[in-house]
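Here the structure is laid out as structure tokens; the discussion comes afterwards.
The values are calculated or read from the model by the stated rules, or taken from the named source; none is laboratory data. These figures come from a predicted structure and were not determined experimentally. Cβ placement follows ideal geometry from the backbone for every residue including glycine, while neighbour counts extend to all protein chains displayed. For the accessible areas, the whole protein counts, side chains as well, though only heavy atoms, and no ligand, DNA or RNA atoms are used. Shrake-Rupley method; radii C 1.70, N 1.55, O 1.52, S 1.80 Å.
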Amino acid sequence: MNAIEIARRMAELGGGEEACRAYTLALQEGGLAPEEEMEAALYIFQAEGDYKVAYTYFRSLYDRGLFREDCFAIMTQAFYQPNVKLQKSRYEKNCKALSKYPYLFRKDFLDFDALPVRFYPFDDDSYLPFRPEEERFDDCVNFNRTVVSRNFFHDLENPILAQNVYSQYELEYLNDNVRPSEWVGRENHIYLHYTDWGEFCAHLQVLNIRALLKDKKIVFLIGDEIDQYPIDFKERFGIDYSQYPVKPIGIREVNRLIWHTQLSTHNGGDFFNEIFDGHPNLVATPSILMEDTVAYQAELREALAEADRSALDTSRLPDRAAQLLRELYAIKNRTEKDILVATYLSNVSVTDTLDPAARIAPALFLQPHFKNLRYTLNVDERGRTVLESKEYASIQASPVFRGFKYIKTFTPMRRITSSYGATVRFAQSRLEQHVEGEHSVRTIMSDVLSVRVLNRSYMIDPQDRLYADSVLVRFEDGKLNPKATFTALAAFLDLPYTESMTYCSLYGERDPESLKGNDLGFSPAAIYRTYDDYANDDERAFIEYFMRDAYETYGYDFMYYDGGPVDEERADRWIDGFTTIEGYLRDSWKNDLFSHAKVTRKGQAVSAEEEERVRIGMLGDNLKGVRENWHSVAHTLLRGLRFVSKNGQPLQMTPKLELDPALLEQPLYH
């Protein structure tokens, strides 16, 4: 029996839910005749299975010219007609509001029935546009998709001009981030140009335009009206914005977050912070430990609560800090986001390079840092490999992150064997400094190799709000091709590419030494350093093979893995060769055990000989546990590099930042 026959048999036996699953499986396997596809879609639809599956195949059959009349009738009756009343009401309300709006100069709205596009709801967020005159469906579109798809703010010398913006999210984004003309002391409207009047009218069925008209920030230009851009408001409307003083940035104006994620330790993150330092449209902060951010937020929250119980005293604060504290204090429903924004806006070291009269509110540039990023690897009851990270979960749960409506995320990546070697070097140097009394914190080498090979921070759940609008950028590209890299990254982040992005700085200091011994500025030395004293070829081949998905997706050639087949035997041989990391672990743990551990028996001190035997045994047990973990990790990853989130969602690779070939100064690094 093939899949369609099994589905029919289940339907005959009355198993609605199971028959739906069987029909769905038959569709997914493919190879069905059109009549069988129609049969499967109809059964799923009529048995109230996953309607999206049925809907997709009705549309596919229609597009292929098969059962067109039947498919169109089902789609119209089941999906369009139940929603047409709502769409007509929204259209009429938008038209009514726009008919009174002073900055839309055309008012001949089309009759609803004459609109060139109908919108067939696909789910709670998406529509299938249908064009009656052409008798065709366009691709599914989500007008609330949380993605800013273009570089609206590439040129801030002139008022913002954007063409054919039909995303509700992007319309709200523009309205929320472009400052009113009265606040910047110059004409600063958002000019939205729509090339086709009928298309503009049609989208009034599905967009909420009325909510964007209140502040009169938007000027709508239709067709040839583009020639009016930009309008002289003083001459045409008698409004002279130059009479208004520039208003300082308010706490709740900052509602755009640029999250610079930490993919791993020693991954080049400081370099990217130094590029964005001093950007005139960013409240740009260097890396800060997440735990310190949480602690400081709690401290400030308590201080505000105390101020709520007594009188707020700002007499000892600088003027700007006092103003922001009063503003924050006055927000009765203040959030963790408000507190964080106020904290950075009051820091002159961060804000003194802002353009005070910028057309847009600045974004907050944030890299919450962790001492280490650890992932755990488990196999669930369905045999899927589940990845979880306590550190990332703390970001997801953070009310600060949840408070931002607009989030752009970028993740730097450095060649993985290089970041691994650099991490071992750093850990070893800290250990040596502690032993020599130069570093007070007790330092013990951890199993850096397992931590690194399990770290899949470059894989994302596409349904995760924090990664909905994200990109991965290579450290090597930033060093070797800075103009191409940072022009592209600025465009993705919706920022102008400014002079401040052509050099490295920290609080204005050029080419700072972020850590002792780090390479300065655009020096490419870190790219070619292989850290041979801190990683051997077996360790690096193991990393390359088990992270080959990252190497292949992001354009890194293998330097240690030969491309041959790998089974448990070969993985075990690699592990037998992990002599470099094992040596560092042994020395670190031996030093710690012999320097700090106290060995007693029933509360009594033991002889020096027995104490040494116990410590040697403990060291051996620890190393044995690490080796067993390496084998366990390898055997699990040999099942395949397919992972799901803790919510069961398949993880995908973060899109890679693509560079303009015309801007390349050197060949791309591989």
Pair GLN28, TYR229: separation of 7 Å Cα→Cβ label points (nm):
4.6
Can you give me the accessible area per residue for the stretch 437-584, using a 1.4 Å probe, in Å²?
41
How far is helix 16-29 tilted off the main Cα axis of the chain, in degrees rounded to 10, range 0 to 90?
80
Counting only protein heavy atoms, what percent of the accessible surface of the chain is carbon or sulfur at a 1.4 Å probe?
48
Taking the highest mean first, how do the peptides 518-525, 18-25 order by number of other beta carbon atoms within 10 angstrom per residue?
18-25, 518-525
Magnitude of the Cβ-charge dipole (Lys and Arg +1, Asp and Glu -1) of the chain about the Cα centre, nearest 20 debye, reported as 1860
Can you tell me the relative contact order of the chain? Whole percent, Cα pairs under 8 Å, sequence separation 6 or more.
13
To the nearest 20 debye, what charge dipole does the stretch 161-269 have about its Cα centre, counting +1 at the Cβ of each Lys and Arg and -1 at the Cβ of each Asp and Glu?
560
Cα→Cβ-extended label distance, 7 Å offset, between ALA303 and LEU66, nm
6.8
Checking rank on 632-644, 160-172, 250-262, with mean other Cβ inside 10 Å and highest first, the result is 250-262, 160-172, 632-644
I want to check the label-to-label distance for THR195 and GLU665. Put each point 7 Å from Cα in the C-beta direction and report it in nm to one decimal.
3.6
Would you mind counting up the charge near VAL644? Only other residues with Cβ under 15 Å from its Cβ, with Lys and Arg at +1 and Asp and Glu at -1.
0
Roughly what angle does helix 290-309 make with the longest principal axis of the chain, taking Cα atoms, 0 to 90 degrees, to the nearest 10?
60
Determine the calculated [θ] at 222 nm for the chain from helices alone, applying -39500 (n - 2.57) to every DSSP H run no shorter than 4 residues and normalising by the residue count; nearest 500 deg cm²/dmol.
-13000 deg cm²/dmol
What ranking, highest mean first, results for peptides 93-106, 279-292 when packing means the other Cβ atoms within 10 Å averaged over each residue?
279-292, 93-106
Mind scanning LYS93/LYS408; LYS93/LYS216; LYS107/LYS217; LYS337/LYS390 and naming the pairs with a C-alpha gap bigger than 25 Å?
LYS93/LYS408
Between the stretch 98-134 and the stretch 384-423, what is the C-alpha centre distance in whole Å?
40
Sorted largest first, extent of the stretch 58-209 alpha carbons per principal axis (Å):
60, 30, 25
Using a Förster distance of 41 Å, how high is the FRET efficiency between ALA47 and TYR503, based on the Cβ-Cβ distance and rounded to 0.05?
0.05
note: the chain, Cα-Cα separations exceeding 33 Å make up a percent value of 61
In the chain, with Lys and Arg counted as +1 and Asp and Glu as -1 at Cβ, which of these residues, PRO412, ASN536, MET38, has the Cα nearest the positive end of the dipole, that is, farthest along it?
PRO412
Calculated diffusion of the stretch 254-389, Stokes-Einstein form, Kirkwood radius summed over Cα pairs, 4 °C and 1.567 mPa s, µm²/s
75
Not counting ligands, DNA or RNA, and with a 1.4 Å probe, what is LEU619's accessible surface area in Å² rounded to the nearest 10?
20
Using alpha carbon centers only, the stretch 1-69 is separated from the stretch 192-247 by a whole-angstrom value of 48
Computed over the stretch 16-137, protein heavy atoms only, probe 1.4 angstrom, the accessible area per residue in square angstrom equals 55
Against the longest principal axis of the chain, how steep is helix 579-596, in degrees 0 to 90 to the nearest 10, with axes from Cα atoms?
70
